[in-house]
Amino acid sequence: MKKKSIRNLKMKLALFSMMIPGAIYLIINNYIPMFGLQIAFKKYDYSKGMWKSPWTGLSNFTYLFKTKDAFNMTRNTLLYNLAFIILGTVFAVAIAIMLNELRSAKAKKLYQVLFLIPYLISMVVVSYIVFAFLSYDNGFINNSILLPLGAKGINWYTEPKYWPFILVLVHLWKGFGYSSIIYFATVIGIDSALYEAAVIDGANSWQRIWHVTLPGLKTTIITMTLLSVGRIFYSDFGLFYQVPQNSGMLANVTQTIDVYVYKGLTQLNDVGRSSAAGFYQSIVGFLMVLLANFIVRKIDEESALF
Amino acid sequence: MKLKKLLGGLLAASMVLSLAACGGGDGDSQTGGNAGGSTGGAVSGTEAGGSAGGAAANGEMPVVKAALPGVLDMTDYPLVQEEMNKILGEKYGIQVEFTFIGMGSWQQQTNLLLTGSDVDMIAYFQLPLNTFVSNGQCTNLDDYVANASDEFKALFTEEQMNGCKINGVQYAIPNLRNYGNDFIMLCDEAKLTELGYKAEDIKTMDDAEEVLYAAHEKYPDIYTVVPQSNATFVNGWTWDGLGDQNYIGVIGNCGQDTTVTDIFENPDFIEFCTRTHKWFEDGLMMGDALSNQETGNVQVQNGAAFAYFANSSNAAPPAGLTKSVIVSNWTDSTNISALTYGINPLSTQPDAAWTLLEALYTDTDLMTLLIDGIEGTHYVMNDDGSCSYPEGVTSSSSTYGNATCYWAMPYAVGVPPITDLGSPTFFDDLVEFNNASKVSKGAGFVLDTDAMGITDEYAACLSVKDKYYNGLMNGILDPETVMAQAHQEMVDSGIEKICEAKQAALDELLK
């Protein structure tokens with residue numbers, strides 16, 4: 001009995017030792033910096049440093065909630081992310097399934113590469129691609145579509161009403177390639193015997209997708225969604241700051257928490273308040289993961305992450 | 001159970017390991033110097049092997065690390081540093097190690113530098129001096145200034161020195177720039193002549209408007225007016241933000257009014273934006289101004305635009321452009337402390353840092369080296385006392401392009417000005433320009449939002465102001481409808497409380 005457990009331990013030791021590099025990385029990168037969370041509750045003084053700066057209680061947090069923008073930016077952050085999660089998933093899964101239905105291997109590879117290219121472009125470059133379309137004086141939409149049709153050019157960067165659509169479109173265009181490849185990898189991992197069985201049972205293409213492919217994708221979808229839900233309080237800074245070219249007029253619909261904090265802090269240079277915003281984001285993000293996981297557990301226990 | 005213990009043990013072990021690794025890292029950054037400065041766009045002083053060797057040979061001479069804004073290409077700075085160290089070692093018993101940091105990364109990099117002792121002397125720049133003081137990033141210089149040489153004390157007027165005091169303490173020394181600003185219109189010289197106008201005849205906004213409409217008529221295919229840079233139509237005008245370049249609560253009339261109001265109900269501002277909106281409607285303005293990434297200067301020189309408005313010192317306009325003063329020379333409450341020099345409170349050798357700082361304000365040889373570079377290599381002297389780039393070299397191709405960036409360096413009177421600046425007596429003229437400038441009644445105003453209890457309101461108002469200010473200035477938004485809406489949003493964000501607090505502080509100041 002004892003011998004067995006020692007041998008068992010030895011075997012596991014080898015496994016654990018493989019974990020060390022990753023664990024060290026996590027500790028250095030993710031755990032040690034947590035000491036810095038205290039800055040959120042301090043009036044940071046450079047000459048005194050992190051440990052000796054005076055405590056200020058919750059006063060660093062008040063600006064987040066006192067301002068009229070607080071509601072706006074929280075709403076923007078949540079709703080955009082929600083739209084991204086739902087539309088992004090639907091779009092990416094659809095693309096993954098379509099890729100799988102393609103017969104030609106060459107076409108499959110070509111499409112994957114084409115889909116992935118937007119994902120690899122920097123947001124700054126994307127912002128100029130968007131600008132090329134939307135510029136008031138020289139943009140494609142104003143000059144090549146609206147003016148020839150006799151319509152008046154639209155000053156896109158001062159009209160908030162269009163931006164929820166523009167931002168969602170840009171996000172989907174940029175991100176779908178990456179996530180569809182993840183789903184595609186799962187799809188091709190589905191046991192082909194299941195499809196054969198379905199064909200024998202007389203299932204058509206739609207039925208095969210509905211009854212075989214989608215159930216096979218379920219776990220991946222749930223995992224990916226849970227991961228995104230955990231980041232629902234974070235926003236893609238590049239998307240919301242670079243793409244609208246930081247146009248003040250659009251603030252109501254483009255200001256997310258990250259953008260607000262960035263703008264406030266480059267202008268106010270207050271380390272305490274930026275930490276407070278980061279702290280608030282991570283706490284809420286953490287609760288969202290717990291909540292989402294709880295819901296998943298209620299519906300389908302096996303799919304829950306923990 | 002065992003599994004958990006093992007896991008715990010592993011975690012603890014890796015914790016110890018990584019702590020040790022971090023400790024080692026800290027040690028490295030202390031001795032290596034410039035750990036913060038060597039990342040990104042900065043050129044770090046440690047590459048200058050010559051000076052380090054010199055310091056070692058000279059025994060215990062302290063090496064002062066100085067961080068300065070670097071605008072153009074500064075690849076030859078180690079040579080200059082070496083030359084300066086010869087003088088510094090001989091006359092002052094110190095050595096210097098420069099770090100030039102580009103404007104774009106200045107804020108982030110200096111913020112990091114100021115968390116440790118890797119910099120001794122530093123420029124305070126791009127944020128209000130008060131912010132640096134309240135963050136504990138400035139040293140009290142009262143004693144140093146009191147014991148400074150008479151030569152140093154004579155450099156600035158009392159008013160100018162007071163501009164860098166916060167709560168009565170001298171935290172920094174102003175550098176030599178134009179504290180006052182003319183607000184000018186710059187036009188394409190050839191086109192202006194063709195239109196039959198003379199730059200010196202344009203004195204008011206009405207004159208300017210006449211010229212602009214004429215230009216629009218004749219050159220309909222180019223922009224008539226473009227922003228000064230990026231989305232900023234013009235960097236200031238006649239309103240003064242009272243210790244605040246964000247203009248949250250202003251006084252108008254070149255700082256001569258004494259009633260603090262919201263920028264969106266300031267008559268000067270409303271008049272300005274009404275005019276620019278008319279220009280916009282008539283097709284004179286740039287429709288993409290809010291996403292513009294270029295300077296007006298470049299656009300006019302490229303022939304893509306006819307004119308732009310700007311703030312300006314007494315310097316000559318850029319080549320091919322004319323300059324017409326619309327609002328004459330006044331100093332707003334933040335100008336004097338907009339770029340200052342001081343000492344990092346974490347510096348281990350503040351005395352040596354002060355020695356360097358004082359030398360860079362008073363020793364003409366050092367100042368000339370720092371600004372113009374090495375004679376023969378980076379500049380050649382002219383007979384009239386000015387200097388030029390060596391043949392075939394321009395400000396942008398020079399390997400030590402600091403001569404036109406005197407405005408970011410500590411002091412320059414006595415230094416031969418580069419011919420680009422327009423006059424052999426440029427620096428003396430600059431001092432005169434500053435002394436003749438009409439000073440805002442808000443001069444010396446310190447905006448301490450924490451002490452005034454308006455930090456949250458200020459942050460909220462700032463985001464409202466950001467929303468409308470540039471759009472209105474560039475004429476894209478219609479003031480008729482937007483101005484009232486913007487003002488209402490400011491009121492909702494607490495502008496009234498800010499104005500009250502600023503008014504009280506201003507009244508106190510004017511007593």
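The values are calculated or read from the model by the stated rules, or taken from the named source; none is laboratory data. Values in this document were obtained by computation on a predicted structure and should not be read as measured data. Cβ sites come from the backbone with ideal geometry, for glycine too, and all protein chains shown count toward neighbours. In case anyone asks, the SASA skips ligands and DNA or RNA and just uses the protein heavy atoms, side chains included. Shrake-Rupley method; radii C 1.70, N 1.55, O 1.52, S 1.80 Å.
Would you confirm whether or not region B:410-426 contains a residue that is assigned to a loop (DSSP other than H, G, I, E, B), of a type in the set (Gly, Ala, Ser), more than 20 Å from the chain's Cα centre (by Cα) and modelled with pLDDT of 85 or more?
The answer is yes; a qualifying residue exists.
Kindly establish whether residue A:260 is more than 29 Å from residue A:95 (Cα to Cα), in contact with a helix residue (DSSP H, G or I) (Cβ under 9 Å, 6 or more places away or on another chain) and aromatic (Phe, Trp, Tyr).
Taking the combined requirement at face value, the residue satisfies it.
Restricting to region B:385-409, and then to whatever is under 27 Å from residue B:338 (Cα atoms) and open to solvent by 40 Å² or more (accessible area, probe 1.4 Å), can you tell me which residue is farthest from the chain's Cα centre (by Cα)?
In this case the residue turns out to be B:396.
Sort out which residues of region B:426-460 are farther than 30 Å from residue B:412 by Cα, touching a residue at least 60 places away in the same chain (Cβ under 8 Å) and more than 9 Å from chain A (Cβ to nearest Cβ), and write them in order of number.
B:448, the sole residue that qualifies.
Can we say residue A:78 is in contact (Cβ under 8 Å) with a residue 40 or more places away in the chain, farther than 21 Å from residue B:459 by Cα and surrounded by fewer than 18 Cβ atoms within 10 Å (Cβ to Cβ)?
Numbers: in contact (Cβ under 8 Å) with a residue 40 or more places away in the chain: yes; farther than 21 Å from residue B:459 by Cα: yes; surrounded by fewer than 18 Cβ atoms within 10 Å (Cβ to Cβ): yes.
It is true that residue A:78 is in contact (Cβ under 8 Å) with a residue 40 or more places away in the chain, farther than 21 Å from residue B:459 by Cα and surrounded by fewer than 18 Cβ atoms within 10 Å (Cβ to Cβ).
Among the listed residues B:90, B:82, B:158, which satisfies the condition of being charged (D, E, K, R) and touching a Ser or Thr at 6+ places or on another chain (Cβ under 6 Å)?
B:82
Quickly run through region B:114-137 and pick out the residues that are facing chain A (nearest Cβ under 10 Å), closer than 24 Å to residue B:352 by Cβ and out of contact with any Phe, Trp or Tyr (no Cβ under 7 Å at 6 or more places or on another chain).
Listed by number, the list holds a single entry, B:116.
For residue B:465, indicate whether it is more than 26 Å from the chain's Cα centre (by Cα) and in a helix (DSSP H, G or I).
For residue B:465, the condition - more than 26 Å from the chain's Cα centre (by Cα) and in a helix (DSSP H, G or I) - is not met.
Search region A:1-24 for residues being at the interface with chain B (Cβ under 9 Å from one of its Cβ atoms) and within 30 Å of residue A:277 (Cα to Cα), and hand back the single one that is least open to solvent (accessible area, probe 1.4 Å).
My answer is A:23.
Would you pick out the residues in region B:61-77 that are outside any strand (DSSP E or B) and under 24 Å from residue B:111 (Cα atoms)?
So the first thing to find is which residues in region B:61-77 are outside any strand (DSSP E or B), and the list is B:61-62, B:70-77.
Listed by number, the residues that qualify are B:62, B:70, B:71, B:72, B:73, B:74, B:75, B:77.
Okay, residues lined up against (1) over 20 Å from residue A:253 (Cα atoms); (2) of a type outside the set (Asp, Glu); (3) open to solvent by 90 Å² or more (accessible area, probe 1.4 Å):
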position	(1), (2), (3)
A:87	no, yes, no
A:90	yes, yes, yes
A:104	yes, yes, no
A:122	yes, yes, no
A:138	yes, yes, yes
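In region B:268-287, what residues are farther than 15 Å from residue B:308 by Cα and charged (D, E, K, R)?
B:268, B:271, B:278, B:281, B:282
Just give me the residues in region B:480-511 being in contact (Cβ under 8 Å) with a residue 60 or more places away in the chain and either of a type in the set (Lys, Arg) or not in a helix (DSSP H, G or I) (or both), in sequence order.
B:502
Residues are listed down the side, and each one gets a yes or a no for (1) among the β-branched types (Val, Ile, Thr); (2) at pLDDT below 90:
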| site | (1), (2) |
| --- | --- |
| B:443 | no, yes |
| B:446 | yes, yes |
| B:451 | no, yes |
| B:460 | no, yes |
| B:470 | no, no |
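So residue A:31 ticks every box in (1) under 16 Å from residue A:271 (Cβ atoms); (2) part of a helix (DSSP H, G or I) but one. Which box is left unticked?
Condition not satisfied by residue A:31: (1).
Taking region B:289-304, which residues are within 26 Å of the chain's Cα centre (by Cα) and within 14 Å of another protein chain (Cβ to nearest Cβ)?
B:289, B:290, B:291, B:292, B:293, B:294, B:299, listed by residue number.
Which one is nearest to residue B:350 (Cα to Cα) among residues in region A:41-52 that are within 8 Å of chain B (Cβ to nearest Cβ) and open to solvent by less than 60 Å² (accessible area, probe 1.4 Å)?
Looking at residues that are within 8 Å of chain B (Cβ to nearest Cβ) and open to solvent by less than 60 Å² (accessible area, probe 1.4 Å), I get A:47.
Would region B:265-284 turn up any residue that is part of a loop (DSSP other than H, G, I, E, B) and open to solvent by less than 20 Å² (accessible area, probe 1.4 Å)?
Going residue by residue through region B:265-284, those that are part of a loop (DSSP other than H, G, I, E, B) are B:266, B:282-284.
Applying the additional criterion that residues be open to solvent by less than 20 Å² (accessible area, probe 1.4 Å) yields B:266, B:284.
Yes, region B:265-284 contains a residue that is part of a loop (DSSP other than H, G, I, E, B) and open to solvent by less than 20 Å² (accessible area, probe 1.4 Å).
What do you reckon, is residue B:46 away from every other protein chain (no Cβ under 14 Å), under 30 Å from the mean Cα position of the chain (by Cα), over 23 Å from residue B:375 (Cβ atoms) and modelled with pLDDT under 95?
Considered against the rule, which asks whether it is away from every other protein chain (no Cβ under 14 Å), under 30 Å from the mean Cα position of the chain (by Cα), over 23 Å from residue B:375 (Cβ atoms) and modelled with pLDDT under 95, residue B:46 comes out as yes.
Of all the residues that make up region B:183-226, how many are outside any helix (DSSP H, G or I), open to solvent by 30 Å² or more (accessible area, probe 1.4 Å) and of a type outside the set (Gly, Ala, Ser)? Walk me through it before giving the result.
Taking region B:183-226 as the starting set, the residues that turn out to be outside any helix (DSSP H, G or I) are B:183-188, B:196-198, B:202-204, B:219-226.
Still in the list and also open to solvent by 30 Å² or more (accessible area, probe 1.4 Å): B:196-198, B:203-204, B:219-223.
Going one step further and asking which of them are of a type outside the set (Gly, Ala, Ser), we end up with B:197-198, B:203-204, B:219-223.
Here the count works out to 9.
Can you give me the number of residues within region A:219-269 that are in contact with a Phe, Trp or Tyr (Cβ under 6 Å, 6 or more places away or on another chain), assigned to a helix (DSSP H, G or I), over 21 Å from residue A:87 (Cα atoms) and within 12 Å of chain B (Cβ to nearest Cβ)?
Count: 2.
If we only count helices (runs of 4 or more DSSP H) wholly inside region B:96-158, which ones have 3 or more residues that are of a type in the set (A, V, I, L, M, F, W, C) and open to solvent by 40 Å² or more (accessible area, probe 1.4 Å)?
Output list is empty.
For the structure I just gave you, tell me whether residue B:393 is under 17 Å from residue B:76 (Cβ atoms), outside the structural domain of residue B:235 (by TED's automatic domain parsing), assigned to a strand (DSSP E or B) and not acidic (Asp, Glu).
Details: under 17 Å from residue B:76 (Cβ atoms): yes; outside the structural domain of residue B:235 (by TED's automatic domain parsing): yes; assigned to a strand (DSSP E or B): no; not acidic (Asp, Glu): yes.
No: the conditions fail for residue B:393.
Is it the case that some residue within region A:57-75 is free of Cβ contacts under 8 Å to residues at least 12 places away in the same chain, under 30 Å from residue A:232 (Cα atoms) and away from every other protein chain (no Cβ under 14 Å)?
yes
Within region A:25-40, can you find the residues that are more than 10 Å from chain B (Cβ to nearest Cβ) and either within 23 Å of residue B:116 (Cβ to Cβ) or among the small types (Gly, Ala, Ser) (or both)? Break it down into steps so the answer makes sense when it comes.
We begin by selecting, within region A:25-40, every residue more than 10 Å from chain B (Cβ to nearest Cβ); these are A:30, A:33-40.
A:33, A:34, A:35, A:36, A:37, A:38, A:39, A:40 - these are the residues of region A:25-40 that are more than 10 Å from chain B (Cβ to nearest Cβ) and either within 23 Å of residue B:116 (Cβ to Cβ) or among the small types (Gly, Ala, Ser) (or both).
Please return the ranges of helices (runs of 4 or more DSSP H) entirely within region B:289-380 where 1 or more residues are open to solvent by 30 Å² or more (accessible area, probe 1.4 Å), touching a residue at least 40 places away in the same chain (Cβ under 8 Å) and farther than 19 Å from residue B:222 by Cβ.
Filter on region B:289-380 gives B:350-362, B:364-372.
Give the residue that is modelled with the highest pLDDT, with candidates limited to residues of region B:377-405 that are among the hydrophobic types (A, V, I, L, M, F, W, C) and either more than 11 Å from residue B:416 (Cα to Cα) or touching a helix residue (DSSP H, G or I) at 6+ places or on another chain (Cβ under 9 Å) (or both).
Among them, the one singled out is B:387.
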